[in-house]
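The values are calculated or read from the model by the stated rules, or taken from the named source; none is laboratory data. Fair warning: this is a prediction, and the values are worked out from it, not measured in the lab. A quick note on method: Cβ atoms are made from the backbone with ideal geometry, for glycine too, and the neighbour counts reach across all protein chains shown. Just the protein is used for accessible areas: all its heavy atoms, side chains included, with ligands, DNA and RNA removed. Shrake-Rupley method; radii C 1.70, N 1.55, O 1.52, S 1.80 Å.
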Amino acid sequence: MSRIKIPGLIDIHVHLREPGATQKEDFYTGSRAAVAGGFTFIIDMPNNPLPTITQERLEEKISLSKQKAICDVGFHFGTNGKNIDEFKYAIESPNVFGLKIYCNHTTGEMLIEDENLLENVFSAWNSEKPILVHAEDEQLKKVLAFSKKYNRQLHVCHISQESEVEMIRQAKKEGQKVTAGVTPHHLYLTNKDVKRLKGFAMMKPPLGTKDDQEALWKGLNDGTIDIIETDHAPHTKEEKIVDENGKTAFGVPGLETALGLMYKATVDRRITNDDVIKFLYTNPKKIFSIKEQEDTYVELDPSVPFIVGENGYESKCGWSPFEGITLYGKPQKVVLRGEIILENGVIIKS
Ligand code: NCD
Ligand code: ZN
């Protein structure tokens, strides 16, 4: 092959950690990781130590990102079920792309367990902007029912189990307004890898079985799963060491390896080159109504291998569960609105 030109990619699921947890990442380092990985538009999640559930907290993030990020950053608004008064602002804000609901335990303090609260949220988010859910298995059943009842646009984040693929396949068949995303780590790792990688392969949702993994690839290929989302969730190496109680911080970085893993999937004949663009650009752009970034593109050669971590990382966390693995198609040039921000594989914008 030779060098090709692709659009600036979109990742609708990243945790840039600022403010409040900048030992892990911040808008500068996180956006550099994005650009190194071929992304020019990323959407930040609301589970900061002080969750992004008010206008004031969101505006603080917008202002920090404008000062520090080297690519475009959008936001998902958060909810604990008790900030419904803030929804009007979030629905109207051009910086907000969706509402994130946590129905399972993970990093942050936004779990909604009470069913009435959950229903109130679905009822109150009267918007075309999607409701994004972290909802595994039984919780997924619940949110599919609420989103049907209130006719909401639902995006199911990082599905990881065969049963979830099946539920979404069924809901789509029935005409429900639902989309789904999968992470590269759930496509390329299984629960067997935890033995080798320990804390560095622990995240929410946890890695599944080989059967789950096959179901995810199948879901990608038959249109059940619409997008790849990295769930870039950096933690420091110290935080990832499993303590004597078996505890660790959940989450793995993904911005610098997602595209390379997807080109590996083309080499492995799992998906096509066109699919890469569909899952990392066309579909996320459409689902989250993201405006075109004019004169923005990435150049790379998808047949050229590179080794993860051989030149270090842009992400502040400085590690990857894929370290040492051969991937393909490292971005050689990234242009954002006519400005070259990465050239010869190196970020030149400061
Ligand atoms: C995420 C994090 O660390 O913020 N962790 C994870 O394991 N995925 C939170 C989340 O997306 O669930
Ligand atoms: Zn996440």
Q. Once the piece of chain linking Thr22 and Glu174 is laid out straight, how much longer is it, given 0.36 nm per residue of separation minus the C-alpha distance between them?
A. 50.4 nm
Q: Count the DSSP beta bridges whose two residues both fall in the chain, then state the antiparallel fraction as a percent rounded to the nearest 5.
A: 40 percent
Q.
Students often get this wrong, so check it: of Lys82/Lys177; Lys129/Lys247; Lys24/Lys330, which have C-alpha atoms separated by over 27 Å?
A. Lys129/Lys247
Q.
Quick check: net charge around Lys240, other residues with Cβ under 13 Å of its Cβ, Lys/Arg +1 and Asp/Glu -1?
A. 0
Q: Mark the label point 7 Å from the Cα of Lys218 along Cα→Cβ and return the residues of the stretch 128-168 whose backbone N is within less than 19 Å of it.
A: 137, 159-168
Q: Could you go through the stretch 244-256 in sequence order and give the Karplus-derived ³J(HN,Hα) for each residue, using 6.51 cos²θ - 1.76 cosθ + 1.60 with θ = phi - 60°, rounded to whole Hz, and x for Gly and Pro?
A: 5, 8, x, 9, 8, 7, 8, x, 9, x, x, 5, 8
(Q) Nearest 500 deg cm²/dmol is fine: what mean residue ellipticity at 222 nm does the chain get from its DSSP H runs of n ≥ 4 alone, each adding -39,500 (n - 2.57), divided by its residue count? (A) -8500 deg cm²/dmol
**Q.** Longest exposed-site-free window of the chain, the sites being trypsin sites (Lys or Arg not before Pro) in a DSSP loop that have at most 13 other C-beta atoms within 10 Å
**A.** 83-191
Q: With a point put 7 Å past each Cα toward its Cβ, work out how far Arg269 is from Ile307 in nm, to one decimal.
A: 2.8 nm
Q) What is the extension gain from Glu56 to Tyr150, computed as 0.36 nm multiplied by their sequence separation minus the C-alpha to C-alpha distance, in nm to one decimal? A) 31.0 nm
Q. Can you pull the percent of the stretch 1-64's accessible area that's carbon plus sulfur, 1.4 Å probe, other chains left in place?
A. 53 percent
Q) What list of ³J(HN,Hα) values in whole Hz, one per residue of the stretch 273-281 in order, does the Karplus curve 6.51 cos²θ - 1.76 cosθ + 1.60 (θ = phi - 60°) give from phi, with Gly and Pro shown as x? A) 4, 5, 4, 3, 5, 4, 7, 10, 8
Q: Provide the FRET efficiency to the nearest 0.05 for the Asn80-Ser2 pair, computing r from the beta carbons and using R0 = 41 Å.
A: 0.20
Q) If you build a Gaussian network model of the chain, linking Cα atoms that sit under 10 Å apart, which residue out of Ala124, Ala258, Ala34 swings the most? A) Ala124
Q | Shape of the chain, Cα gyration tensor, a/c cut at 1.5 | A | rounded
Q) Given H placed 1.01 Å from N in the peptide plane, which residues other than close sequence neighbours of Gly8 have an amide H under 5 Å from its amide H? A) Tyr297, Val298
**Q.** Environment charge at Leu58 (Cβ cut-off 11 Å; Lys +1, Arg +1, Asp -1, Glu -1)
**A.** -3
Q) Which residues make up the longest stretch of the chain clear of GluC sites (Glu not before Pro) that lie in a DSSP loop with no more than 11 other Cβ atoms within 10 Å, not counting the sites? A) 1-127
Q: Could you go through the stretch 287-303 in sequence order and give the Karplus-derived ³J(HN,Hα) for each residue, using 6.51 cos²θ - 1.76 cosθ + 1.60 with θ = phi - 60°, rounded to whole Hz, and x for Gly and Pro?
A: 4, 9, 6, 8, 5, 4, 8, 5, 6, 10, 7, 10, 10, 6, 10, x, 9
Q.
Considering only protein heavy atoms and a probe of 1.4 Å, how much of the accessible area of the stretch 149-296 is carbon and sulfur, as a whole percent?
A. 49 percent
Q. Where the centroid of each part is defined by its Cα atoms, how far is the stretch 198-261 from the stretch 73-122 in Å?
A. 23 Å
Q: Skip the ligands, DNA and RNA, and give the accessible area per residue of the chain with a 1.4 Å probe, whole Å².
A: 41 Å²
**Q.** Probe 1.4 Å - accessible area at Thr236, Å² to nearest ten
**A.** 20 Å²
(Q) Please give me the summed charge of the neighbours of Ala258: other residues whose Cβ is under 11 Å from its Cβ, Lys and Arg +1, Asp and Glu -1. (A) -3
Q. Can you list the aspartates and glutamates whose alpha carbon sits under 20 Å from that of Lys237, skipping same-chain ones fewer than 8 residues off?
A. Glu18, Glu25, Asp26, Asp193, Glu256, Glu310, Glu314, Glu323
